[in-house]
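Read-outs: derived from the displayed coordinates by stated rules, not from any lab. Not measured: the values here are computed from a predicted model. Virtual Cβ from ideal backbone geometry, glycine too; neighbours counted across all protein chains shown.
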Amino acid sequence: MKLSPTRVAGFLRRPDAEIRAVLLYGPDAGLVRERGEILARTICPDPHDPFRVAELTAAALVADPARLADEAAQIALTGGKRFVRVREAGDALAPLFARFLADPKCDALVVVEAGELPSRSALRRAFDDAAAAASIGCYPDSARDLAAVVRETCAEHHVAVSRDAIEFLVAHLGGDRLLTRAELEKLTLYAGDGGRMSLDDARAVIADSAPLSLDDALLAAAEGDAAALDRALARVFQEGESPVSVIRALLRHLQRLHLLAARVAAGGTIDEAIRTARPPIFFKEQDSWRRQLQCWGEARLRTALDRAAEAEFRMKQTGLPAEVICREALFGIAGAAAGRSGR
């Protein structure tokens with residue numbers, strides 16, 4: 001069965017007794033890993049217990065399909081329920097899991113971790129259709145979820161956090177849950193147990209992170225600043241960001257810009273559109289958004305969105321280098337913005 005987002009938190013704390021396997025999938029690899037760890041601890045306090053925990057890769061199961069049923073059916077020598085984790089899963093394992101889930105003769109909980117899977121994925125379908133299985137999509141945190149993660153982490157370390165620091169972190173974190181946790185752990189260590197985190201603290205600690213570089217690239221492209229875009233993109237790719245992630249971030253940025261431009265076209269002012277934006281636009285970036293809204297109108301943004309979507313399609317369907325396609329799309333959009341702004 002497919003779990004709705006409202007059921008996920010409760011299920012992770014206490015998985016349904018009849019569930020024998022859980023599929024965790026999605027573009028947020030850190031959230032996939034984090035939720036796998038949470039499920040592991042519901043079964044076994046020590047996720048590294050060799051008697052109760054087994055870790056398998058997809059390649060190992062492809063080479064030896066019988067190992068899945070063998071590991072799930074084993075009885076732990078020290079007692080207690082067993083936990084079986086399968087990493088790097090994909091559609092190649094769909095037939096194996098379809099057979100396993102048709103009649104799972106075991107008491108173990110099997111957790112399968114996968115990357116992004118399309119809606120037509122055979123592996124997703126195997127879990128969605130099985131009564132003894134659950135599938136959970138793991139997507140980047142929304143602004144509300146990310147703000148909750150920030151407050152929760154700070155509360156655990158008794159660190160007070162200012163409102164503008166939260167807004168800054170919401171704007172610059174969130175692509176990967178584990179990376180977000182790592183950045184927040186650095187921040188709380190910097191603030192000290194019982195300390196306070198200000199905006200300056202947040203900027204000082206995460207100023208060199210990839211999300212900031214990517215954000216700089218998106219702002220530069222939408223403003224038409226080709227020189228700033230070139231510098232920011234160099235940092236983005238040096239820090240390991242994938243071209244597909246960059247294009248998807250560009251799509252999200254242009255979609256948000258299009259929404260604000262529509263409000264302006266409906267008779268609102270640029271300042272009103274920025275002030276009422278949700279999630280809020282970080283105040284130090286508001287001048288950039290004003291310049292962007294002066295460069296772009298609704299119709300031109302629809303063209304820009306089509307261009308970005310086409311770039312993602314070309315990355316997946318052609319043999320051209322993804323980074324080249326990504327750069328071409330970003331600099332094309334920067335050129336369109338510059339032509340309108342007079343740069």
Lys and Arg at +1, Asp and Glu at -1: add these up for the other residues within a Cβ distance under 11 Å of residue 232 and post the number.
-4
Which order do the peptides 7-14, 242-249 come out in when sorted by mean C-beta neighbours inside 10 angstrom, highest first?
242-249, 7-14
For a label point 7 angstrom out from the Cα of residue 320 toward its Cβ, which stretches of the stretch 227-243 have the backbone nitrogen within less than 18 Å?
243
Restricting to DSSP H runs of at least four residues, report the calculated mean residue ellipticity at 222 nm for the chain, -39500 (n - 2.57) per run over all residues, nearest 500 deg cm²/dmol.
-19000 deg cm²/dmol
Taking only the alpha-carbon positions of the chain and ignoring solvent, what does the Debye formula give for the base-10 log of I(q)/I(0) at q = 0.07 Å⁻¹?
-0.37
Estimated inter-spin distance, residue 74 and residue 196, nm [label 7 Å along Cα→Cβ]:
5.4
Run the quick spin-label model on residue 9 and residue 255: label points 7 Å from Cα toward the beta carbon, then report their separation in nm to one decimal.
2.3
At 7 Å along Cα-to-Cβ for each site, give me the label-to-label distance between residue 265 and residue 186 in nm.
4.0
At a threshold of 8 angstrom on Cα-Cα distance, excluding pairs fewer than six apart, so keeping six or more, what relative contact order does the chain reach in percent?
16
So what is the relative contact order for the stretch 210-341, in percent, with contacts set as C-alpha pairs under 8 Å and at least six apart?
37
Report the FRET efficiency, 1/(1 + (r/R0)^6), for residue 284 and residue 119, where r is their Cβ-Cβ distance and R0 is 35 Å, rounded to 0.05.
0.35
Net charge (Lys, Arg +1; Asp, Glu -1) of residues whose beta-carbon lies under 12 Å from that of residue 128, residue 128 excluded, is +3
Give, as a single signed number, the net charge of other residues whose beta carbon lies under 15 Å from the beta carbon of residue 194, with Lys and Arg counted +1 and Asp and Glu -1.
-2
Prolate/oblate/rounded call for the stretch 143-206, Cα gyration tensor, a/c under 1.5 rounded
rounded
Note to self: C-alpha centroids of the stretch 305-343 and the stretch 143-170 sit apart, in Å, by 34
With axes computed from alpha carbons, what is the tilt in degrees of helix 177-191 against the longest principal axis of the chain, rounded to the nearest 10 within 0 to 90?
70
Mean separation of Cα contacts under 8 Å, 6 or more apart, over the residue count of the stretch 5-137: relative contact order %
37
With a Förster distance of 41 angstrom and the Cβ-Cβ distance between residue 144 and residue 230, calculated FRET efficiency to the nearest 0.05 equals 0.75
Listed with the fewest Cβ neighbours within 10 Å leading, 1, 197, 315 appear as 1, 315, 197
